[in-house]
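> Encoded as structure tokens, here's the structure I'll be asking about.
The values are calculated or read from the model by the stated rules, or taken from the named source; none is laboratory data. A quick note: this is a predicted structure, and the numbers were derived from the prediction, not measured. Note that we place each Cβ from the backbone using ideal geometry, even for glycine, and neighbour counts take in every protein chain shown. To get the accessible areas, we keep the full protein, side chains included, count just its heavy atoms, and leave off ligands, DNA and RNA. Shrake-Rupley method; radii C 1.70, N 1.55, O 1.52, S 1.80 Å.
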Amino acid sequence: MSTPQDWTPPTSAATRPGRDRPGRDHVVAGLKGTDEGGADLVQLLTPEGVRVPDPRFDSYAADVDVEMLKGLYRDLVLVRRFDREGNALQRQGQLGIWVPLLGQEAAQIGAGRAMAPQDMAFPSYREHGVAWTRGVDPTDLLGIFRGTDHGSWDPREKGFHLYTIVIGNQCLNATGYAMGQKFEGKVGGDDAEATMCFFGDGATSQGDVHEGFVWAAVYDAPVVFYCQNNQWAISEPTERQTRVPLYKRAQGYGFPGIRVDGNDVIACLAVTRWALEECRTGNGPVLVEAFTYRMDAHTTSDDPTRYRLADELELWKLKDPIERVRVHLVRSLGVEPEFFDDVQAQADELAARFRQFCVDMPAPAPDRMFSQVYAEGSPAVDAQREEFLAYHASFEGAS
Amino acid sequence: MLREFAMPDVGEGLTEAEVVTWNVAAGDVVTVNQVLCEIETAKAAVELPSPYAGTVGKLLVEPGQVVAVGSPIISIETAEAAAPAVEEDTGAKIGEVGKDGRVANLVGYGARPGAVTRRPRRGTTPPPAPPTPAPVQQSHSAATSRRESGFTAISPGGAGAGAAAGAVPLAKPPVRKLARDLGVDLRSVTPSGPGGVITRDDVQSHVVTPAAPAAVAAVGGVRREPIRGIRKHTAAAMVSSAFTAPHVTEFLAVDVTATMALRDRLRATREYAEVKLTPLAFVAKAVCLAARRTPELNARWDEAAGEIVYFDRMQLGIAAATPRGLIVPNVRDADTLTLRELAAALGELTATARAGRTSPADMAGGTFTITNVGVFGVDTGTPILNPGEAGILAVGAIKPTPWVVDGELAVRTVCQLALSFDHRLVDGEQGSRFLADVGALLTDPGLALTW
Ligand SMILES: Cc1ncc(C[n+]2csc(CCOP(=O)(O)OP(=O)(O)O)c2C)c(N)n1
Ligand SMILES: [Mg+2]
């Protein structure tokens, strides 16, 4: 199993076995993801459910008591539940596509719960958990995946931008937004604000991300670049994106980078709080690499058995983000079974509501796709609309 | 009420899927999201969860059957009363603007019964939807039906789409429009453009001389299977190879008694306890050694560059029959591996292939292929080159055979080898030397010490 290593200039081919040509492991198994986060990984709750001390970040999780942890657990379970329902609805022909977040719940809930109402988030397309923490109702996500709208929440009200499908593009938007916060004097004061930008390991290879990093660095923009390294960009492993651990890239741009256990909700919360604090006090930007794993397919259109082996998933199952919280609540904090039953019931209720909403969703009228193209209309679009409506009307029985 | 669940589009823009297995039977009680069946599409194998709770009425599709997206596959009796009229209404009227300004099934998915039938255009007689594939019918007469046939040509799953072999014909939008205006069904046009694209001229000349659909007179039953997936890929690869590389095939029968004896001795050693040492491993080793003496066999004709590319490493492809079809995964840098490493690599490679887990990366970049037809019990064949490669070796069945040893007839273990090579870059001299070398090594494996 390989981990991206620090790059050192090769002295000769012989000193870098396995780099120049694939080893037999690669040949037989295909390229692999990894589950080894390395020594720098910030972790506050182990996969076995043990709370471990961390002198640097404990203070950022000091208020995480039983009640708060129960709340985080509830978030994790509910988000996973509606994510699974989304997958099923796609298989039942109710959604055109679904982008599963399975395995990344803690990375998203921890980051989302660290945000203050006045902060702004720029998601990519998998951030259903962050959406949840920003008060976007899960049903509001459905239109995107049913192909009826591009998101039906008010980004300004929720502090959560619309989903971005173009990989890495939101890093530019987020940097620009953060610059705005800076220009408006929102950095430094009591009501200080910051921006969170969510993207994946694959996105780090995009020019937009690089440009965002450079700009944010040289202008000290208050933006947290939150990279969920889920080990895969569709079928490409992180090994095909970088030769250094991603968080170390920040150093080259001149801002701090940190790797957190993305399956540890407490660590994600603490590290993101720290990162946001840095930004709010004028020390931005910060790169956080949440080291996690995409446990399901890239989307419902993808078949991961074609490029990765099941043993990888089995390793990550042992690091499940929800199970470790449950174990900690039961063993260390004495939470009773009723609590878990109750959360499960709430999750099923949410899933049923999600399903019902989806099935009942009205399809938009055919002129809808032309209706919001230009604020004041355009002759070309108007002509297309007329032609399209006439075509629809040409069917028998059309009113 | 009785609900039907229609085959969903589980990828983006798939038109059909095969039901692989049913996990439920008529009369079973199912819950929402309980897995009903496994299906396979061009993209993936996935499980379909039930959209309804209730009792399974009927399975409407046999395992192995490929059905169009939108066709009902199962009926489930649910506890609820008949659905509200509104819903029934929208099911049949695809694309219609309802009284409330809504339109049903605009984006083409929605598990409603009847969703697969297309509403007729005004002033047309609806074409009968053939329940089984029928020869393509062309209509050139009525202006109205022209539009209809042009339209179905570009909408898979529409009425009559079952007639052609599934694939959507390739043509640029203006050409499609021309075809529609002229009432030409694009599926009946022979493409002449690069990459099988139908050109404007193709459409126009088709109007002049419409090709008569060849009626196939079938005696007894016929079974038609859409050409897709690995079958389609294999076909394209074989056609391109057979008609670009001039193939020469040479044969050699080899006495492999000594190699088989060596194999038995090695198998008894501790080093080989963990691996399955097959005759194929010896053949692989012999191929690597022989290619070192005749590098022309580990090379590639690069037409575009006007060059012959010689490889110093051997990426050894092994043709493997899998449940999904023929695939050729590679043993990387086979020439650097010991016999034991080769045996282990072959074992893992075939296990991976059988499990359907071979990644595209494992199949790319081969430089020479071995096909082990002997496992099917046959003696030899004339293998077709994996496109671009200079050589392919077929290994026949290994069996006791009468053989002349020192002027006397004896029973020896014999195997037939057949080598096909690309005569553009390999001449008879190199091809023969290579084959003779492989044979010599398998006859007397001790020779390897001297090379
Ligand atoms: C600019 C651009 N290029 C390619 C794509 C196609 N695409 C969609 S998702 C994806 C992989 C992204 O991987 P990663 O950044 O790791 O995010 P993840 O999906 O793993 O969350 C690609 C290449 C795209 N959407 N946009
Ligand atoms: Mg990724």
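> Would you list B:GLU341, B:GLU307, A:GLU312, B:GLU250 from the most to the least accessible area, probe 1.4 Å?
B:GLU307, B:GLU341, B:GLU250, A:GLU312
> Roughly how tilted is helix A:207-218, in degrees to the nearest 10 and between 0 and 90, from the longest Cα axis of chain A?
Tilt of helix A:207-218: around 60 degrees.
> Related question: Not counting ligands, DNA or RNA, and with a 1.4 Å probe, what is A:LEU269's accessible surface area in Å² rounded to the nearest 10?
Rounded to the nearest 10, the figure is 0 Å².
> What distance in nm separates the two pseudo spin-label positions at A:GLN356 and A:SER371, each 7 Å out from Cα along the beta-carbon direction?
Simple spin-label model gives 2.6 nm for this pair.
> If you count, for every residue in A:53-62, the Cβ atoms of partner chains within 10 Å of its Cβ, what is the mean?
0
> Report which residues of the range A:111-150 become buried by 30 Å² or more of accessible surface when going from the isolated chain to the complete set of protein chains (1.4 Å probe; DNA, RNA and ligands ignored).
Those are A:ARG146, which lose 30 Å² or more relative to the chain on its own.
> Further question: For chain A, take every pair of Cα atoms, bin their distances at 10 Å starting from 0, and report each bin as a whole percent.
Going from the shortest bin to the longest, the percentages are 5, 21, 30, 25, 13, 5, 1, 0.
> To continue, here is another question. Sorted by mean Cβ packing within 10 Å, highest first, what order do the peptides A:336-344, A:166-174 take?
Put in order of decreasing packing, that is A:166-174, A:336-344.
> If you don't mind, another one. Which value at 222 nm does chain A reach when only helices count, each DSSP H run of 4 or more adding -39,500 (n - 2.57), with the total divided by all residues and rounded to the nearest 500 deg cm²/dmol?
Computed ellipticity for chain A at 222 nm equals -12500 deg cm²/dmol.
> If I take R0 = 60 Å and measure r between the Cβ atoms of B:HIS247 and A:SER332 in this structure, what FRET efficiency does the formula 1/(1 + (r/R0)^6) give, to the nearest 0.05?
0.25
> Given a 1.4 Å probe and every protein chain left where it sits, what share in percent of the accessible area of the range A:26-359 is carbon and sulfur?
52
> Among B:THR358, B:THR413, what's the order by accessible area (1.4 angstrom probe), most exposed first?
B:THR413, B:THR358
> Here is a follow-up. First obtain the Kirkwood hydrodynamic radius of the range B:246-449 from its Cα pairs, then insert it into the Stokes-Einstein equation at 37 °C and 0.692 mPa s, and state the resulting D in µm² per second as a whole number.
190
> Taking only Cα atoms, what is the 0 to 90° angle, nearest 10, from helix A:105-114's long axis to the longest principal axis of chain A?
Orientation of helix A:105-114: about 90 degrees from the principal axis.
> Within 10 Å of each Cβ of A:93-104, how many other protein chain Cβ atoms are there on average?
Average neighbour count from other chains, rounded to a whole number: 3.
> Give the cross-link partners of B:LYS177 among the lysines, using a straight C-alpha distance below 28 Å as the criterion and excluding same-chain residues fewer than 8 apart.
By straight Cα distance, B:LYS177 reaches B:LYS93.
> Residues of the range B:8-26 losing 50 Å² or more of accessible area relative to the isolated chain, 1.4 Å probe, heavy atoms only?
With the partner chains in place, the range B:8-26 has these residues losing at least 50 Å²: B:VAL10, B:GLU12.
> To the nearest 10 square angstrom, what accessible area does B:TRP451 show with a 1.4 Å probe?
In the full protein context, B:TRP451 sits at about 80 Å².
> Place +1 on the Cβ of every Lys and Arg and -1 on the Cβ of every Asp and Glu in the range B:246-449, take the dipole about the Cα centre, and give the residue among B:THR371, B:ILE384, B:LEU435 whose Cα lies farthest towards its positive end.
Farthest towards the positive end: B:THR371.
> Let me ask something else about it. Expressed as a rounded percentage, what relative contact order does the range A:129-172 have, with Cα pairs under 8 Å and six or more residues apart?
In percent, rounded to a whole number, it is 28.
> Can you send over the solvent-accessible area of B:TRP22, 1.4 Å probe, protein chains only, in Å² to the nearest 10?
40
> State to the nearest 20 debye the size of the charge dipole of the range B:246-449 about its Cα centre, where the only charges are +1 on K and R beta carbons and -1 on D and E beta carbons.
With Lys and Arg at +1 and Asp and Glu at -1, about 800 debye.
> Continuing with this model, one more query. Among bridges DSSP assigns within the range A:26-359, what percent are antiparallel (round to 5)?
Taking every DSSP beta bridge with both residues in the range A:26-359, the antiparallel ones total about 10 percent.
> Given the options B:THR322, B:LEU342, B:THR244, identify the residue whose Cα lies farthest towards the positive end of the charge dipole of the range B:195-349 (+1 on Cβ of Lys, Arg; -1 on Cβ of Asp, Glu).
Sorting the options by dipole projection puts first B:THR322.
> Can you list the residues of the range A:377-399 that have at least 20 square angstrom less accessible area with all protein chains present than in their chain by itself, probe 1.4 Å?
SASA drop of 20 Å² or more in the range A:377-399: A:TYR391, A:HIS392, A:SER394, A:PHE395, A:GLU396, A:GLY397, A:ALA398, A:SER399.
> A further question follows. Where Rh denotes the Kirkwood radius from the mean inverse Cα pair distance, what is Rg over Rh for the range A:346-396?
Expressed as Rg/Rh, it is 1.26.
> Follow-up. If you average the alpha carbon positions of the range B:1-61 and of the range B:420-437, how far apart do those two centres end up, in angstrom?
53
> Using a Gaussian network for chain A with springs between C-alpha atoms less than 10 Å apart, which of these wobbles most: A:LEU389, A:LEU315, A:LEU102?
Maximum among the listed residues: A:LEU389.
> Which lysines does A:LYS317 reach when only Cα atoms under 20 Å apart count, and residues fewer than 8 places away in its own chain are ignored?
Straight-distance partners of A:LYS317: A:LYS32.
> Output ³J(HN,Hα) for the range A:131-141: one whole-Hz value per residue in order, computed from phi by the Karplus curve 6.51 cos²θ - 1.76 cosθ + 1.60 with θ = phi - 60°, and x for Gly and Pro.
Once rounded to whole Hz, the list reads 3, 4, 6, 8, x, 7, 5, x, 5, 5, 7.
> In terms of solvent-accessible area of protein heavy atoms at a 1.4 angstrom probe, what is the ranking of B:THR450, A:THR292, B:THR371, highest value first?
The ranking, largest first, comes out as B:THR450, B:THR371, A:THR292.
> Could I ask something else about it? Please sort B:437-449, A:135-147 by packing, taking for each peptide the average over its residues of neighbouring beta carbons within 10 angstrom, highest first.
The densest-packed peptide leads the list: A:135-147, B:437-449.
> Another one. From other protein chains only, count the Cβ atoms within 10 Å of every residue's Cβ in B:359-368, then give the mean.
Mean partner shielding for this stretch: 3.
> Quick one: dipole size for chain A, taken about the Cα centre, charges +1 on Lys/Arg Cβ and -1 on Asp/Glu Cβ, in debye to the nearest 20.
1060
> Here is a follow-up. With a 1.4 Å probe on protein heavy atoms only, work out how much accessible surface A and B bury together, total over both chains, in Å² to the nearest 100.
Buried area (both sides, nearest 100 Å²): 4100 Å².
> Sticking with this structure for a sec: Would you work out which of A:GLY159, A:VAL244, A:PHE199 lies farthest towards the positive end of the dipole of chain A? Charges go on Cβ: Lys and Arg +1, Asp and Glu -1.
A:VAL244
> Which of the trypsin sites (Lys or Arg not before Pro) found in the range B:250-302 are in a DSSP loop and have at most 16 neighbouring Cβ atoms, other than their own, within 10 Å?
Counting only loop positions with at most 16 other Cβ atoms within 10 Å, the trypsin sites (Lys or Arg not before Pro) in the range B:250-302 are B:LYS276.
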